[in-house]
1. Note down the net charge around Leu120, summing +1 for each Lys or Arg and -1 for each Asp or Glu among other residues with Cβ under 9 Å from its Cβ.
2. Along the stretch 174-181, what does the Karplus equation 6.51 cos²θ - 1.76 cosθ + 1.60 (θ = phi - 60°) give for ³J(HN,Hα), rounded to whole Hz, x for Gly and Pro?
3. For the stretch 143-182, what % of the accessible area comes from carbon and sulfur atoms, probe 1.4 Å?
4. Sorted by packing (mean other beta-carbon atoms within 10 Å per residue), highest first, where do 44-51, 116-123 land?
Amino acid sequence: FIVLKSESRSFMYSLGFEWLFNILSYVWFLFIPLVAVENNLWLPQVAFLFALMRLPYLTNFFTATWSERFDKKLFVAVVLLFLSFLYAFLAFEHSFLGIMIVSFGISLGLSIIRPAISALITEHSTKNNSGSITGVQTFVGWVWSIAWSIGFGIISTIFGMQMAFLVVGLWVFVLAIWWITKKMKYRMKILRTRKIVN
């Protein structure tokens, strides 16, 4: 908490991405296999699904350079926008092939934005707190992923697993649109300022 008080608003903004990433990652890894079981998939199919879900993380050192070509915050927000559709799609998909494709898509999206989020946190942190940043990042991520997994479990118990994924999809969609709109407004403001100066 001492470290957080001394950091900038941009750092807190970057931690928001870390917070959301861990929530989505935990929900994805814990509950998508349960969706598979709920749809009466065989144990070998569930095991294959687990393996497929981890596959993109083995290759994220290839995709880590993708975000370097773009504005990192905008890049993460756009990927989250696509992920929102995949999470919502799980509310309607019941076949093994469909669940497999959506799960791989979610895994790929999360693995792509992982390096970008870590880079954002490092870029916006102060040098004085460089030794504590990893601990802060881990703390923020895991506390909220644990809390949200409990919340997601309660929602899925009351309304059903499919409805819970639909809620997650809609929630991420709203956040992604808000982040993208905010970023675009900031860019337009900079462009107008430059025109006035010129």
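The values are calculated or read from the model by the stated rules, or taken from the named source; none is laboratory data. Computed from a predicted model, the values in this text were never measured in an experiment. Cβ placement follows ideal geometry from the backbone for every residue including glycine, while neighbour counts extend to all protein chains displayed. The protein model used for the area step is the full one, side chains on, heavy atoms only, and it has no ligands, DNA or RNA in it. Shrake-Rupley method; radii C 1.70, N 1.55, O 1.52, S 1.80 Å.
1. 0
2. Values, residue by residue: 4, 5, 5, 4, 4, 5, 5, 4 Hz.
3. Within the stretch 143-182, the accessible surface is 85 percent carbon and sulfur.
4. Descending packing order for the listed peptides: 116-123, 44-51.
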